[in-house]
Amino acid sequence: MSIAAIIPSIVMLGEAYGLQIHAEIVARLPNRGHTNVGQIYSTLERLTRDGILEQARETADGLPLYRLTENGKTGAREWLHGGRFAPTTTWDDFVDVLFMAATHPDVDWALLESRIPRLSLDNVVQAHPVELTVGGIGGKSGESSFTGREQQLLINSTFVSACTTLMASVAQARANGSLYSRGLNHDRPKRGRRPATPAKPVESAV
């Protein structure tokens, strides 16, 4: 997952322009404060090209406003409810979904919670018991009593436990009002650098 997965969930809230989307991401996601504005614009172009977004209209001062296509709506809702959770999900990916969902008015929290098990390797182990079997640490296969397979399972189990704990904390924050769902902020963020005003020519002394 990436910024390309996050942007459609913002546009679910309504038509939005680039800097507005950037401001929402920074405000809602504690791990995305470093997001570059240029990355937002290049991703908007790609999502439009891929049929996820389309340009709806322009603001009074000429900024393009984006909205979701039908395909975009389906994908954004699925992402927002943990539909892409898998054992390969990273911590940042999980935090993106969790905090976006916690501040989003169109979320079924129970559905999101029910998809936490998708993060676990348990189902993979049952379906593909051989594929996870790899050699031991620092030696030939079978030389270590703590195999690579066991490492993967331990790391994944710890990860799922951490995700479950964080989700419980976020749910509590929602319950006490320190985290709350909200729509788009329509306060205009500062725009990018404006073209420099040409300097007035200096009149030569006569």
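None of the figures in this text is laboratory data; all of them are computed from the coordinates on show. These numbers were taken from a predicted model, which means no experiment stands behind them. All Cβ positions, glycine included, derive from the backbone under ideal geometry; neighbour counts span all protein chains shown.
Fewest to most neighbouring Cβ within 10 Å: what's the order for TYR41, TYR17?
TYR41, TYR17
With Rg and the Kirkwood Rh both taken from Cα atoms, where does Rg over Rh land for the range 3-176?
1.08
So for the pair LEU184, TRP109, with labels modelled 7 Å out along Cα→Cβ, what separation do we get in nm?
2.6 nm
Using amide H atoms built 1.01 Å from N in the peptide plane, name the residues 5+ places from TYR66, or on other chains, whose amide H lies under 5 Å from its own.
Here ALA16, TYR17, ALA56 satisfy the definition.
Pop the C-beta distance of HIS34 and LEU154 into the FRET formula with R0 = 30 Å and round what comes out to the nearest 0.05.
Given R0 = 30 Å and the Cβ-Cβ separation, E is 0.50.
Can you give me the Cα centroid spacing of the range 51-101 and the range 160-190 in angstrom?
Value for the Cα centre distance between the two parts: 17 Å.
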